[in-house]
Amino acid sequence: MKLGFVGLGHMGTAMAANLLAAGHTLLAHNRTLAKAEPHVKNGATLAKTPAEAAGGEAVITMLADDAAVEAVVFGPDGILDALPPGAIHVSMSTISVALSERLAKAHAERGQHYVAAPVFGRPDAAAARKLFIAAAGPGDVVARLQPVFDTLGQRTFVVSDRAPNANVVKLSGNFLIMAVIEALGEAFALIDKAGIDREEYLDLLVSTLFGAPVYKTYGGLIAKEGYEPAGFKARLGYKDVRLAREAAQSLDVKMPLADLIAQRFATLIEAGGADMDWSALALLAKRDAGGVTPLNPANRD
């Protein structure tokens, strides 16, 4: 397929490289154009604006937040005005349900298609084509995109014919990851105080009842305190829990644990941890238990 790709951060860079390697024609755009250069060297065409990236059968956006997506879709030289009728905007970003609803409506009014397809997985999973994709939109349109999804991930879950529902699924999933991180942080603070070896404790966890990838990945990061460089920054985790709470409020659902996790992220960020991996939430439990942590910005060169 002839595809546009907008957003070449850690995730987008890996995804765009896989699309090129699979033989797709790629129009690559990033706000910092220099980030597109490695893809251009590998056969992509540089798109100087989001509009230029929207000239194919579909354009994928993989961006940090609502503001970034709004800018490239609705802003000057944006996707909405340039995407041909019948072409598809595939939003793979973690965005609010409200913005996803706005995108679905705006594209429909232009005779364009919109599919929400956020992903589960960190940059290493993106590079290895091991992402899990939660896709939602009209069934025939999602089916057209399946070869693209097969290039990017190990499995696609079609969760609804209503695109914003994919964003509900993604936000709920990220909330669950945050809950696991907070629980692991508190558990490690407890065993630390008892003088139990962190690596041996982790081995026990992942070899028994907690063998799921989320425990292996984040348990490993917490055991080693491997919070930098970040695979997913704490400030983005804070954004996601806020969006989950907004979605819950719109549906009249109470999420008291999400409220607690939002407070924990706010504390981590205030302490200087905004750009650490979101698993650095565990440092708060360690600090609260009297442990020495690198949270004070004055101690972090």
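Data for the structure
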| read-out | value |
| --- | --- |
| Qualifying position, being of a type in the set (D, E), assigned by TED's automatic domain parsing to the domain that holds T13 and farther than 17 Å from L3 by Cα, among E57, E109, E52 | E109 |
| Per-region count, the range 173-213, residues of a type in the set (G, A, S) and touching a Ser or Thr at 6+ places or on another chain (Cβ under 9 Å) | 1 |
| Any chance G78 is surrounded by 21 or more Cβ atoms within 10 Å (Cβ to Cβ), at pLDDT 95 or above and within 22 Å of H39 (Cα to Cα) | no |
| Helices (runs of 4 or more DSSP H) (entirely within the range 164-245) containing at least 2 residues that are more than 25 Å from D259 (Cα to Cα) and in contact with a helix residue (DSSP H, G or I) (Cβ under 6 Å, 6 or more places away or on another chain) | 198-207, 213-224 |
| Answer from G273, G226, G290, G219 - the residue that is at positive phi and in the same structural domain as A183 (by TED's automatic domain parsing) | G290 |
| Among the candidates L284, L268, L295, residue that is of a type outside the set (F, W, Y), touching a Leu at 6+ places or on another chain (Cβ under 8 Å) and at pLDDT below 95 | L295 |
| Checklist (1) more than 23 Å from V168 (Cβ to Cβ); (2) surrounded by 17 or more Cβ atoms within 10 Å (Cβ to Cβ); (3) touching a residue at least 24 places away in the same chain (Cβ under 8 Å) applied to V73, failing item | (1) |
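The values are calculated or read from the model by the stated rules, or taken from the named source; none is laboratory data. Being a predicted model, the structure only gives us computed values, none of them experimental. Reconstructed Cβ throughout: ideal geometry from the backbone, glycine too, with neighbour counts over all protein chains shown.
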